[in-house]
Each structure stands twice: as structure tokens, then as C-alpha cells.
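Trainee: Please read through the structure below; I'll follow up with questions.
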Amino acid sequence: MEIKCKKTKRFLCEINYNEILEQLKPYGVSFEKPLVLVIPCRSCKESEIYHIYKDHYVYKGNKTKN
């Protein structure tokens, strides 16, 4: 899935969550909580916080750069 900045619509990153789950399966690791990503955007100068789930992601807010 691709993640884009909410303000500028600029591409931030691409993540393959299913591949991450497959690589961790042999170790007996499972995700019951969402994966939390903080991604900086060079255009708006803020970091965006996302919760990544298996099928979708949820935008949680901005963290301003100090």
C-alpha cells in the first residue's frame, strides 16, 4: 500500500504489510496491535503518524518538527 501526505498529497512510502507478516510467521510473531509509523514529509515539514493494519491504514495526526 502507498502512503501519501494528507496536506501535499506527496508520496511518502510504500509498505507491503503482508510480506512483513509472512517473514515473521516462522518466528511465531503475530500482530494484535497496529504497526505505528511516523513518516516525515519534506514538503510540509511535519511528521505524519499512521497506524498500519493488514488491509488499510489510519491517519492519526501530525507531529511538528522542532
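The values are calculated or read from the model by the stated rules, or taken from the named source; none is laboratory data. Note that this is a predicted model, so its numbers are computed, not measured. Ideal geometry is used to build each Cβ from the backbone, glycine not excepted, and the neighbour counts take in all protein chains shown. These area figures cover heavy atoms from the full protein model, side chains too; ligands, DNA and RNA do not enter into them. Shrake-Rupley method; radii C 1.70, N 1.55, O 1.52, S 1.80 Å.
Trainee: Just to be sure I understand the model, the point goes 7 Å from the Cα along the line to the Cβ. What's the resulting I39 to R10 distance in nm?
Mentor: 1.3 nm
Trainee: Quick one: which residues, 5+ away or cross-chain, put their amide H under 5 Å from the amide H of L12? H built at 1.01 Å from N.
Mentor: It is I3, K4, C5, by chain and number.
Trainee: Can I ask one more? Which of these, I39, I20, I49, has the largest mean-square fluctuation under a Gaussian network model of the chain (Cα springs below 10 Å)?
Mentor: Maximum fluctuation in the GNM of the chain, among the listed residues, is at I20.
Trainee: I would also like to ask the following. From the phi angles alone, apply the Karplus equation (6.51, -1.76, 1.60; θ = phi - 60°) to segment 4-15 and give each ³J(HN,Hα) in whole Hz, x where the residue is Gly or Pro.
Mentor: 10, 4, 5, 7, 9, 6, 7, 5, 9, 6, 10, 10
Trainee: Another question, then. Applying the Karplus parametrisation 6.51 cos²θ - 1.76 cosθ + 1.60 with θ = phi - 60° to the phi angles of segment 25-35, what ³J(HN,Hα) value in whole Hz is obtained for each residue in order, glycine and proline being reported as x?
Mentor: 4, x, 8, x, 9, 9, 9, 9, 10, x, 7
Trainee: Can you give me the relative contact order of the chain as a percent, contacts being Cα pairs under 8 Å and 6 or more apart? Spell out each step's value before the answer.
Mentor: Details: 92 pairs, mean separation 15.4, N = 66.
Reported as a whole number, the value is 23 percent.
Trainee: Also, I was wondering about something else. Along its principal axes, what span do the Cα atoms of the chain show, with the longest given first and each in whole Å?
Mentor: 40, 20, 16
Trainee: Would you work out what percent of the accessible area of the chain, with all protein chains in place, is carbon or sulfur (probe 1.4 Å)?
Mentor: Exposed carbon and sulfur together represent 50 percent of the surface.
Trainee: Same structure again: Treating only the Cβ of Lys, Arg, Asp and Glu as charged (+1, +1, -1, -1), what charge dipole size does the chain show about its Cα centre? Round to the nearest 20 debye.
Mentor: That gives the chain a dipole magnitude of about 520 debye.
Trainee: Another question, if that's okay. Tell me, what HN-Hα J-couplings in whole Hz come from the Karplus equation 6.51 cos²θ - 1.76 cosθ + 1.60 at θ = phi - 60° for each residue of segment 51-60, using x for Gly and Pro?
Mentor: My calculation for segment 51-60 gives 9, 9, 10, 4, 9, 7, 10, 10, 6, 9 Hz in order.
Trainee: Which of Y17, Y50, Y27 moves most in a GNM of the chain, Cα contacts under 10 Å?
Mentor: Y27
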